[in-house]
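Remarks on the structure that follows.
Bear in mind that the values in this text are calculations on the coordinates, not laboratory data. Model, not experiment: these values are computed from the prediction. We place every Cβ from the backbone using ideal geometry, glycine too, and count neighbours over all the protein chains shown.
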Amino acid sequence: MEWVAATIDSMRSRTFRYAPLVVFGAVYTLSCLLGALLLIAEYNAFVSLFEYFSGTEAPQLSPAEARTNLLLLFAAPLALAAGYVACMQLLARQLASDRPRRRTTIEPPHWLPTIVFAALALIGFASLLRAGALGRTHSWVDYAAWVESRSENFDRLTFFEFVNLYILVPSAAAWVVVSNVPATRVQALLRLVPIPITVALSLLLFTRKAVLTAVLIVLFAWVIDAVARGRPVRRLIFAGVALFAALYVALVVVPVYSEASRATDEAARATTSTDPEQERRLAEIGEAFNLKNRRRSLVIYSVLSPLTRSSAPALYYPIIFPEEHEYFRLDVGLDIIGVGAMPNDNVVVWDYLNPETPGGTTMVSYQFVLYSQIGTLGAIAASLAVGFLLAFAWRLSQIPARATSALLGSMVLLLATYLAIDSLRNSVVVSYGVIWGLLFAAATAVFVRFVPRPAHIVESMRLPPRSRKRLEPERGHQ
């Protein structure tokens with residue numbers, strides 16, 4: 001069938017073949033590497049602004065700690081890339097020997113993805129209604145209320161309610177977008193309806209990550225589907241990146257923009273220091289950069305936020321481990337079955353940075369979490385395995401039928417995104433972990449095979465492409 005040939009051709013394409021590596025590299029550079037290098041180099045303006053908006057001091061690194069950080073920042077991602085390339089080279093011979101096989105791409109009936117999405121969206125809406133989230137929509141324009149609303153959702157929603165809202169609803173929306181070729185413009189517009197519904201439900205979780213994750217799941221699936229169909233994707237990618245960037249800035253700025261919120265210089269801070277000397281220094285920084293100007297402060301904050309969210313905490317890992325806290329053992333998830341306990345490096349680092357407000361968590365890229373468990377060389381060696389498995393997962397995701405490949409591939413690209421900002425464990429098994437999206441994709445692939453189809457649809461799947469194109473407009477007017 002033609003989709004097999006298209007898939008093989010696209011896997012031969014260098015850009016598509018290394019898409020997870022490209023996604024990881026872009027997110028990692030912006031969210032961790034760039035900010036970390038500016039802090040290590042002690043670039044004065046950046047350091048001052050970081051301290052003002054975070055309320056914490058920039059890390060003071062010894063030469064040994066700086067070397068460890070540089071190894072983790074560069075050697076570990078390079079090892080991941082080496083593992084990825086090695087896996088792709090091993091699979092290259094298999095890719096070259098693949099030939100189009102006579103297989104049928106089984107499309108679901110047009111109503112099935114819509115019904116699944118509607119059911120999951122209704123369940124998510126009921127969860128949010130029960131948690132009282134619908135009565136707190138104003139929280140997005142008030143920072144203090146936004147933090148409180150997010151905390152209340154954590155208390156009232158169950159784990160699998162979060163799974164549904166974080167992963168299943170967006171995956172179902174992506175399924176609607178990539179399933180079946182719309183025969184009319186009206187059908188093309190209708191299949192986009194689940195996207196704003198998904199974003200609206202995600203907004204009611206009052207976390208930026210939920211909204212951005214939902215957008216990425218749909219965008220990744222859409223691009224993969226366009227590649228499989230042989231359509232140009234450059235404009236779609238550029239538009240998606242622009243939309244994502246604008247959405248990120250909006251989600252950063254909106255909670256601290258309203259005059260009803262706290263003052264910007266307070267709302268933007270993770271903590272407020274009680275040290276008079278530090279408060280004096282922060283006040284001096286505010287005056288030096290004219291941060292009393294609200295608009296100027298918001299612009300600087302929105303630019304600084306993505307650069308420091310994970311980079312600053314990451315630099316403290318060599319300071320804390322193993323001098324202040326011994327290494328954890330390698331986390332293989334045995335605590336899930338009741339054996340041992342999960343490493344809590346994110347809590348340890350938060351408490352070190354914020355001793356006056358303990359109990360929070362930090363997020364750093366995967367290799368720093370590995371470092372807290374198995375040291376520098378262990379994190380670099382493990383990165384080889386992570387890269388190898390990422391490439392293998394990407395290759396496997398492109399083997400099934402088109403819609404299923406789009407959903408599976410979307411989860412692999414989401415995993416690459418997560419690894420740049422989070423631990424391997426969290427990226428896979430927590431409520432926003434990719435395992436739930438992979439299970440959803442697998443379930444849809446199995447379920448579709450048992451759903452009866454009208455005879456003309458089954459027959460159209462057996463026709464050559466040109467004949468099928470002639471049939472589709474007729475089908476659209478039935």
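What to note about this one:
- Maximal additional length on extending the Leu190-Val241 stretch stands at 16.1 nm, based on 0.36 nm per residue less the C-alpha distance.
- FRET efficiency, 1/(1 + (r/R0)^6) with R0 60 Å, evaluated for Ala118 and Ala75 via beta carbons: 0.80
- Packing, as the average of other Cβ atoms within 10 Å across residues, places the peptides 344-352, 283-291 in the order 344-352, 283-291, highest first.
- For the pair Val339 and Glu279, a Förster radius of 60 Å applied to the C-beta separation gives a FRET efficiency near 0.80, rounded to the nearest 0.05.
- The stretch between Val347 and Arg156, if pulled fully straight at 0.36 nm per residue, gains 66.6 nm over its current Cα-Cα span.
- Mean Cβ count within 10 Å, highest first, over the residues of peptides 168-179, 239-250: 168-179, 239-250
- Once both labels are positioned 7 Å from their Cα atoms along Cα-to-Cβ, the gap between Ala385 and Glu324 label points is 2.8 nm.
- Given charges at beta-carbon only (K, R positive; D, E negative), |dipole| of region 186-240 in Debye: 160 debye
- Here Asp335, Asp155 are placed in order of increasing Cβ neighbour count within 10 Å, fewest first, which gives Asp155, Asp335.
- Three-way shape call for region 207-252 based on the alpha-carbon gyration tensor, with the a/c threshold at 1.5: oblate
- Working ranking of peptides 60-70, 433-443 by packing, defined as the average number of other Cβ atoms within 10 Å per residue, highest first, is 433-443, 60-70.
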